[in-house]
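See below for the structure under consideration.
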Amino acid sequence: MRKIFTTVFLATTMFAFSQTQITNAGFESWGGSGTSAEPTSWNSNKTGTGLASSGPQTCFQEATNPHSGASCVRVQTTYYIIAVVNGNVTTGVVNASNTDKLKGYLSAENADKIAFTGRPDSLAGWYRYTQATSGTGAAAEQAKVRAILHSGDYYDPETPYQTNHIDLSANKIGDALFVSPAANQTTWKRFSVPFNYTSTATPAFIMVNITSSNNQSTVAPSSGVGSILWVDDLLAIYNPVANFSSAAVICPNAATTFTDQSTATPTSWAWSFPGANPVSSTSQNPSITYNTAGTYSVTLISTYANNYTTTVTKTITVNAAPVITVNSPTICATQSATLTASGASTYVWNTSATTNSIIVTPSANTNYTVTGTDAVGCTNQKVTSVSISASNLNVNAATICAGGTVALVVSGANTYTWTSPASNSATVNVSPTVNTTYTVMGTNSIGCVHTATTSVSITTSVNISVNSATVCSGNTATLTATGVSSYTWTSPVSNSAIITVTPSSTTVYSVSGNAAGCPGVASATTMVTVNPTPTVSLAAITSTPCAGTNTIALTGTPAGGIYSGTGVTGASFNPSTAGTFTVVYSYTATNNCSSSDSKSIMVNACVGIEEFNMADVKLYPNPAHDILYINLNNTNSGTKYVEVYDVVGKKVLSINTTETLVSLSTGELTNGVYIVKIQVENAKPVIARFIKN
């Protein structure tokens, strides 16, 4: 095909940004001369096929009075020998295979296809028109400009007539048709017609056809020339449209990039991402993270140089992360364990294994991490552990006099084996004459064998020793008596060598006992000293600060304690983000006894919601746990519309009622700050807040 020369026109108005991608649509570049002159990249019947090329010239370069530039195109209907030839110029090729006009068609094939991308809103241009002055129906003459967007090859008319071409209608994406009024237009006049799309695809080519007549029989045989059409500066118009795309699959806790696809090159962007982090952005292509699966709305406002804005809102779906499950076995030392993960499609372990099951042989309690990826590409991690079976064997020791007998009792396993004396019982009776060590092996429920030893000491006298302890009030102390083989505590009553006590004040405890084979009973006393636990109080924060405001001073008594919690630095709380936060005040007295107190602080997002008069509305309890009551005691008897929103504006509860005492079930809500909107018929709405904890 001829050399392609492209002219780009930019015409911007308040509401439209227009540009042409139609090759040589200003008709400034021409090739050939005389009867073979044609606009570059365009064809008239003279370069058509079959009988088309033998007809008269109907396309001309018009240098007199173009709309712009040096020239425009003029097409005219012409009488030729015994037939009337319609004025025509096209970016395709004119096909006229025989004298049957119905078999003529335009084609856009191979090198005759004009490249074009984009989906314009309308076709515009400038025209002048002179109707034929004689002939039947001359007063009804109308000119036509038609643009067809297509993919692949294309024929027009697209429906074959008696198999004159194949049917390529599936390649059509859209078209625009301008039909002039049936009247003369002596001065240049702008026209604009919309593109009508039959497909959502983006076109690859455009075929344009300009004709001077809609009726081949309007030119009288003696007139020579019929209707004349001048055309200049064809434009494909694009209105600015806000648009964006995101990844086909969005997963929780994974950064997702939203890509601006707005037309006409905006100068700034305002994104809104309720439920995401961050919730807004002014970047052209922001990266956003959603922590929770679900359906979310995303809004983009695109702003252009003339402050014209367009908005688009789309709904996106955040897929649920796969739920990974892994077994957590307990094994015997030196044994191997098989870890099996499920819930995903593929797996990667921190051992570098990529199968769902792995075999490990840890020498100590060990954690293992597996990352699972589901069929759509979302991932999740699961940490599991392999524990080495620990010995739970417990066997008593004893002190006896020579000639005495004592029972050794072992626990903590399923079966037992004593070496000497040989026994498989949990209890053996021994009567050593010298200090002796005894060994027992225990086998637990998973087959692990553990060994324990104990000793029996020989004594000539009975003597009991017992420890003392110091605790803070409310705490428990452990007292252990040694030196004999049997024990009796008086309060609390116990026959164990070890007791636990929780005295409210300093208390003396007594224990007695004897050693097997020894005459007499020994006794001992001990003391548990109880120090007072300090009474600690943290002053409540009565205000509801806005996120990002100044820090709040904290006050705790007694003075000298430590403040802790999210947002706490020293003795101040920084309300940097919205939510409900717990501040803890801990104090340790000189006796090393400590206590703490905590308070919740609600930080409001302060997103512009106004709280109206609450005189007639009461919310309680606040904070709420399972039920929130709303008392509308002084409101009218109309229907009450109650809606609950979270801090990012998502509605989580709603109810319509005529009752004056409304109960809302809040047990399923996550902890945090919520906003209640109460509308009674046409009255002014009431906005309130409450905390769920």
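The values are calculated or read from the model by the stated rules, or taken from the named source; none is laboratory data. Everything numeric in this text was worked out from a predicted model, so none of it was measured. Glycine also receives a Cβ, built like all others from the backbone with ideal geometry; neighbour counts cover every protein chain displayed. SASA here: full protein model, heavy atoms, side chains in, ligands and nucleic acids out. Shrake-Rupley method; radii C 1.70, N 1.55, O 1.52, S 1.80 Å.
Beta carbons closer than 8 Å, at least 6 apart along the sequence or on distinct chains, pair a first residue in the stretch 272-293 that is surrounded by 15 or more Cβ atoms within 10 Å (Cβ to Cβ) with a second that is in a loop (DSSP other than H, G, I, E, B) and of a type in the set (D, E, K, R) for 275/650. Of all residues in the stretch 56-81, those being touching a residue at least 40 places away in the same chain (Cβ under 8 Å) and either of a type in the set (Lys, Arg) or open to solvent by less than 50 Å² (accessible area, probe 1.4 Å) (or both) number 12. Kindly indicate the residue of the stretch 636-659 that is open to solvent by 60 Å² or more (accessible area, probe 1.4 Å) and not basic (Lys, Arg) and also farthest from residue 604 (Cα to Cα) among those meeting that condition. Among those residues, the one meeting the criterion is 637. Every condition in (1) under 30 Å from residue 446 (Cβ atoms); (2) aliphatic (A, V, I, L, M); (3) touching a residue at least 60 places away in the same chain (Cβ under 8 Å) is met by residue 320 except one, and the failing one is (1). For the stretch 163-203, a residue qualifies if it is more than 37 Å from the chain's Cα centre (by Cα), open to solvent by less than 40 Å² (accessible area, probe 1.4 Å), closer than 18 Å to residue 123 by Cα and not charged (D, E, K, R), and the qualifying residues are 176, 178, 180, 191, 193. Answer yes if at least one residue in the stretch 184-192 is within 30 Å of residue 78 (Cβ to Cβ) and modelled with pLDDT under 95, and no otherwise. Looking through the stretch 184-192, at least one residue is within 30 Å of residue 78 (Cβ to Cβ) and modelled with pLDDT under 95. Picking from residues in the stretch 624-637 that are modelled with pLDDT of 75 or more and either assigned to a loop (DSSP other than H, G, I, E, B) or over 18 Å from residue 665 (Cβ atoms) (or both), the one that is farthest from the chain's Cα centre (by Cα) is 632. In this structure, does residue 396 turn out to be open to solvent by 30 Å² or more (accessible area, probe 1.4 Å), closer than 30 Å to residue 514 by Cβ, modelled with pLDDT under 95 and not charged (D, E, K, R)? Yes: the conditions hold for residue 396. Of all residues in the stretch 40-62, those satisfying the criterion of being under 60 Å from the mean Cα position of the chain (by Cα) and in a loop (DSSP other than H, G, I, E, B) are 40, 41, 42, 48.
Could you please give the count of residues in the stretch 469-495 that are of a type in the set (Gly, Ala, Ser), exposed (fewer than 14 other Cβ atoms within 10 Å of the Cβ) and over 60 Å from the mean Cα position of the chain (by Cα)?
Total meeting the criteria: 1.
Number of residues in the stretch 447-467 that are open to solvent by less than 80 Å² (accessible area, probe 1.4 Å), assigned to a loop (DSSP other than H, G, I, E, B) and polar (S, T, N, Q): the value is 2.
Looking at residue 402, is it open to solvent by less than 60 Å² (accessible area, probe 1.4 Å), closer than 26 Å to residue 495 by Cβ and modelled with pLDDT under 95?
no
Looking only at residues of the stretch 583-597 that are open to solvent by 60 Å² or more (accessible area, probe 1.4 Å) and in a strand (DSSP E or B), we find that the one that is nearest to residue 539 (Cα to Cα) is 596.
Here is the figure for the stretch 507-532: residues that are outside any strand (DSSP E or B) and either within 16 Å of residue 474 (Cα to Cα) or under 60 Å from the mean Cα position of the chain (by Cα) (or both) total 1.
If you go through the stretch 206-219 and keep only what is at pLDDT below 95 and either open to solvent by 20 Å² or more (accessible area, probe 1.4 Å) or closer than 19 Å to residue 66 by Cβ (or both), you end up with 212, 214, 215, 216, 217. For the stretch 110-143, residues that are of a type in the set (Lys, Arg) and at pLDDT 90 or above total 2. Would you check if residue 88 is among the polar types (S, T, N, Q), crowded, with 24+ Cβ neighbours inside 10 Å and modelled with pLDDT of 90 or more? Answer is yes for this residue. Filtering the stretch 679-693 to residues that are over 22 Å from residue 274 (Cβ atoms) and buried (at least 17 other Cβ atoms within 10 Å of the Cβ) leaves 680, 686.
Output the residue which, of all residues in the stretch 533-560 that are assigned to a strand (DSSP E or B) and of a type in the set (A, V, I, L, M), is nearest to residue 583 (Cα to Cα). Ranking the candidates gives 538 first. Tell me, please, whether a residue that is farther than 21 Å from residue 652 by Cβ and in contact (Cβ under 8 Å) with a residue 60 or more places away in the chain can be found in the stretch 297-304. So far as the stretch 297-304 goes, yes, one or more of its residues are farther than 21 Å from residue 652 by Cβ and in contact (Cβ under 8 Å) with a residue 60 or more places away in the chain.
The residues of the stretch 122-138 that are closer than 21 Å to residue 90 by Cα and either open to solvent by 50 Å² or more (accessible area, probe 1.4 Å) or of a type in the set (Ser, Thr, Tyr) (or both), listed by number, are 122, 126, 127, 129, 130.
With respect to (1) closer than 24 Å to residue 136 by Cα; (2) assigned to a helix (DSSP H, G or I), the lone exception for residue 35 is condition (1).
For the stretch 296-317, the condition holds for no residue, the condition being that it is farther than 30 Å from residue 265 by Cβ and not hydrophobic (A, V, I, L, M, F, W, C).
I want to confirm something. Restricting to the stretch 497-506 and keeping residues that are part of a loop (DSSP other than H, G, I, E, B) and either among the charged types (D, E, K, R) or open to solvent by less than 50 Å² (accessible area, probe 1.4 Å) (or both), which single residue is nearest to residue 458 (Cα to Cα)?
Out of the qualifying residues, it is 497.
Return yes or no: is residue 361 within 23 Å of residue 445 (Cα to Cα) and either open to solvent by 80 Å² or more (accessible area, probe 1.4 Å) or modelled with pLDDT under 95 (or both)? Yes: the conditions hold for residue 361.
Filtered by the rule that a residue be open to solvent by 40 Å² or more (accessible area, probe 1.4 Å) and closer than 16 Å to residue 412 by Cα, the stretch 423-438 gives 424, 425, 427. Restricting attention to the stretch 91-130, the residues that are over 46 Å from the mean Cα position of the chain (by Cα) and of a type in the set (Lys, Arg) total 3.
Taking the stretch 160-182 as the range and being under 19 Å from residue 146 (Cα atoms) and aliphatic (A, V, I, L, M) as the test, the residues that pass are 168, 170, 173, 176, 177, 179, 182. Of all the numbered requirements in (1) modelled with pLDDT under 95; (2) surrounded by fewer than 16 Cβ atoms within 10 Å (Cβ to Cβ); (3) not hydroxyl-bearing (Ser, Thr, Tyr), residue 562 misses one, and that requirement is (1).
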